[in-house]
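Colleague: Have a look at this one before I ask anything.
The values are calculated or read from the model by the stated rules, or taken from the named source; none is laboratory data. Given the structure is predicted, the values throughout are model-derived calculations rather than measurements. A quick note on method: Cβ atoms are made from the backbone with ideal geometry, for glycine too, and the neighbour counts reach across all protein chains shown.
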Amino acid sequence: MTLRTTTDRDSGVAVLTLDRPGKLNAIDLPTAEHLTSTWRELRFDDTVRAVVLTGAGDRAFCTGLDRDAATAVPQPNSPYTIEDPLLRIGPKTNDLWKPVIAAVNGMACGGAFYLLGESEFIVADPSAAFFDPHTTYGMVSAFESILMSQRMPYGEATRLALMGTAERMSARRAYEVGLVSEVTEPGEAVAAAVRCAEVIAGYPPEAVQGTVRACWSAREAARTHALAYAPHLVSLGNLPGERQAELFRGRRAGGFRIR
């Protein structure tokens, strides 16, 4: 099992858990497909009025796209037909306007930002650490950076994207710059997120979903324009796959800075 959903019908809250702890909750192709189908199922399940999204284990919320999945997707030459298996894993991409609260424990990096970028807000364990490895391995951080640039100041978003694996943003710093709305006591992130979800789920769903849609619409025009440009940037800037793999195999063990 790579994705678990538990629903409390009394509170109206569903907890969606990425469950690949042996892979640091990296997303392979079946998990990506499962996320897409799950968001669509939740969209039409009237017993669910709010969702908490988290990762199994204490090492990672999600470490993005599984490297095996990255090499399994053939890419066309044209930037207009580029295939990104993570583009449809988020709730908004699947027209789910029920509120989604992310509970982050451990690492959240790279492709995890597709999920964080489409959540309403983020609750973090003190162990949470955010980073984007793309540039380190010769890849353009396009979709991820677009999403993060809408959640924090420009300088913080670009620093996160450009520093690669050399630096990780702590939960404390993420709270200071507005990426995270709450840092909990150790081990309490999911419980805190569920408490928020229970409150929201107790309100009239039409009002809640309309509010989510209104907040999202304030960001949507700039986001849509930027995302349309992203495949071209990826096509131009990414190193060949074999060179990316070479850099990945030679990745550093530790040595990064926490700020």
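Colleague: Using the structure shown, decide if GLY164 is on the phi > 0 side of the Ramachandran plot and without any contact (Cβ under 8 Å) to a residue 40 or more places away in the chain. Let's see the steps before the verdict.
Modeller: Details: on the phi > 0 side of the Ramachandran plot: yes; without any contact (Cβ under 8 Å) to a residue 40 or more places away in the chain: yes.
When the stated conditions are applied, GLY164 passes them.
Colleague: Another question, then. Within region 72-168, which helices (runs of 4 or more DSSP H) (wholly inside it) include 3 or more residues that are at pLDDT 95 or above? Before the answer, list the steps.
Modeller: Details: elements: 112-116, 143-149, 154-162.
In region 72-168, the matching helices (runs of 4 or more DSSP H) lie at 112-116, 154-162.
Colleague: Looking only at region 196-216, decide whether some residue is of a type outside the set (A, V, I, L, M, F, W, C), under 25 Å from VAL51 (Cβ atoms) and modelled with pLDDT under 65. Give the steps one after another, and end with the answer.
Modeller: Pass one, region 196-216, residues of a type outside the set (A, V, I, L, M, F, W, C): 198, 202-206, 209-211, 213.
The next check asks that each one be under 25 Å from VAL51 (Cβ atoms); those that pass are 198, 202-206, 209-211, 213.
With modelled with pLDDT under 65 added as a condition, the list becomes none.
So far as region 196-216 goes, no, none of its residues is of a type outside the set (A, V, I, L, M, F, W, C), under 25 Å from VAL51 (Cβ atoms) and modelled with pLDDT under 65.
Colleague: Can you confirm whether region 184-193 contains a residue that is within 29 Å of ALA142 (Cα to Cα), touching a helix residue (DSSP H, G or I) at 6+ places or on another chain (Cβ under 7 Å) and crowded, with 16+ Cβ neighbours inside 10 Å?
Modeller: no
Colleague: Would it be correct to say that LEU16 is among the hydrophobic types (A, V, I, L, M, F, W, C), in contact with a strand residue (DSSP E or B) (Cβ under 7 Å, 6 or more places away or on another chain), touching a residue at least 12 places away in the same chain (Cβ under 8 Å) and under 15 Å from THR54 (Cα atoms)? Talk me through it step by step, then tell me what you get.
Modeller: On the way: among the hydrophobic types (A, V, I, L, M, F, W, C): yes; in contact with a strand residue (DSSP E or B) (Cβ under 7 Å, 6 or more places away or on another chain): yes; touching a residue at least 12 places away in the same chain (Cβ under 8 Å): yes; under 15 Å from THR54 (Cα atoms): yes.
Criteria met by LEU16.
Colleague: Take ARG259 and tell me if it is modelled with pLDDT under 95, in contact with an Asp or Glu (Cβ under 8 Å, 6 or more places away or on another chain) and over 23 Å from VAL100 (Cα atoms). Even if it seems obvious, please write down each step before you answer.
Modeller: Numbers: modelled with pLDDT under 95: yes; in contact with an Asp or Glu (Cβ under 8 Å, 6 or more places away or on another chain): yes; over 23 Å from VAL100 (Cα atoms): yes.
Yes.
Colleague: Would you please list the contacts, defined by Cβ atoms under 9 Å and residues six or more apart or on different chains, that run from a residue in region 180-196 that is under 17 Å from ALA129 (Cβ atoms) and free of Cβ contacts under 8 Å to residues at least 24 places away in the same chain to a residue that is among the basic types (Lys, Arg) and assigned to a helix (DSSP H, G or I)?
Modeller: Final answer for the pair search is none.
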